[in-house]
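**Q** Here it is, the structure, as structure tokens.
The values are calculated or read from the model by the stated rules, or taken from the named source; none is laboratory data. Remember, predicted model here, so these are calculated numbers, not experimental data. For neighbour counting, all protein chains shown are included, and Cβ atoms are generated from backbone atoms with ideal geometry for every residue, glycine included.
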Amino acid sequence: MENVFRLNAVTGQFDPAPLDLATGQNHTLVLNLTGVRNRTSLASVSVGVGSVTLSALYAGPVASFPGLDQINVAVPASLRGSGTQSLSVTVDGYPSPAGVSLLFN
């Protein structure tokens, strides 16, 4: 498991940490958030990474943390080397706020 953000000591802001999508391996992005558990269906959950829309493999509660939800998506090899990409989540037609990015080496 890798962290997708790191603290920039100079700016005090969180910056995207480079993600290495090694060849020949499957990669799963695990997002922890709220507001997912009461979705109408798994098909109503999608994750956007840049211009790529990913279907959720799982979207629901995290059993060991009351109130915390999780979305798992498979990360396609096509994102390898694509640089900084915006991240968005849509659940039942409701989009997440903008401002989160991932960095793919």
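**Q** Sort out which residues of region 59-93 are free of Cβ contacts under 8 Å to residues at least 40 places away in the same chain and over 19 Å from Pro18 (Cα atoms), and write them in order of number.
**A** Ala59, Gly60, Pro61, Val62, Ala63, Ser64, Phe65, Pro66, Gly67, Leu68, Asp69
**Q** In this structure, is Leu33 more than 14 Å from Phe104 (Cβ to Cβ), surrounded by 13 or more Cβ atoms within 10 Å (Cβ to Cβ) and not aromatic (Phe, Trp, Tyr)? Don't jump to the end; show me each part of the working.
**A** Numbers: more than 14 Å from Phe104 (Cβ to Cβ): yes; surrounded by 13 or more Cβ atoms within 10 Å (Cβ to Cβ): yes; not aromatic (Phe, Trp, Tyr): yes.
Considered against the rule, which asks whether it is more than 14 Å from Phe104 (Cβ to Cβ), surrounded by 13 or more Cβ atoms within 10 Å (Cβ to Cβ) and not aromatic (Phe, Trp, Tyr), Leu33 comes out as yes.
Here's the yes/no breakdown for (1) at pLDDT 95 or above; (2) surrounded by 11 or more Cβ atoms within 10 Å (Cβ to Cβ); (3) assigned to a strand (DSSP E or B); (4) in contact with a helix residue (DSSP H, G or I) (Cβ under 7 Å, 6 or more places away or on another chain):
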position: Val10; (1), (2), (3), (4): yes, no, no, no
position: Asp15; (1), (2), (3), (4): no, yes, yes, no
position: Gly24; (1), (2), (3), (4): no, no, no, no
position: Arg39; (1), (2), (3), (4): yes, yes, no, no
position: Leu54; (1), (2), (3), (4): yes, yes, yes, no
position: Ala59; (1), (2), (3), (4): yes, yes, yes, yes
position: Gln70; (1), (2), (3), (4): yes, yes, yes, no
position: Ala74; (1), (2), (3), (4): yes, yes, yes, no
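**Q** For region 1-58, how many residues meet the condition of being of a type in the set (Ser, Thr, Tyr), touching a residue at least 24 places away in the same chain (Cβ under 8 Å), in contact with a strand residue (DSSP E or B) (Cβ under 7 Å, 6 or more places away or on another chain) and more than 18 Å from Val100 (Cα to Cα)?
**A** So the answer is 1.
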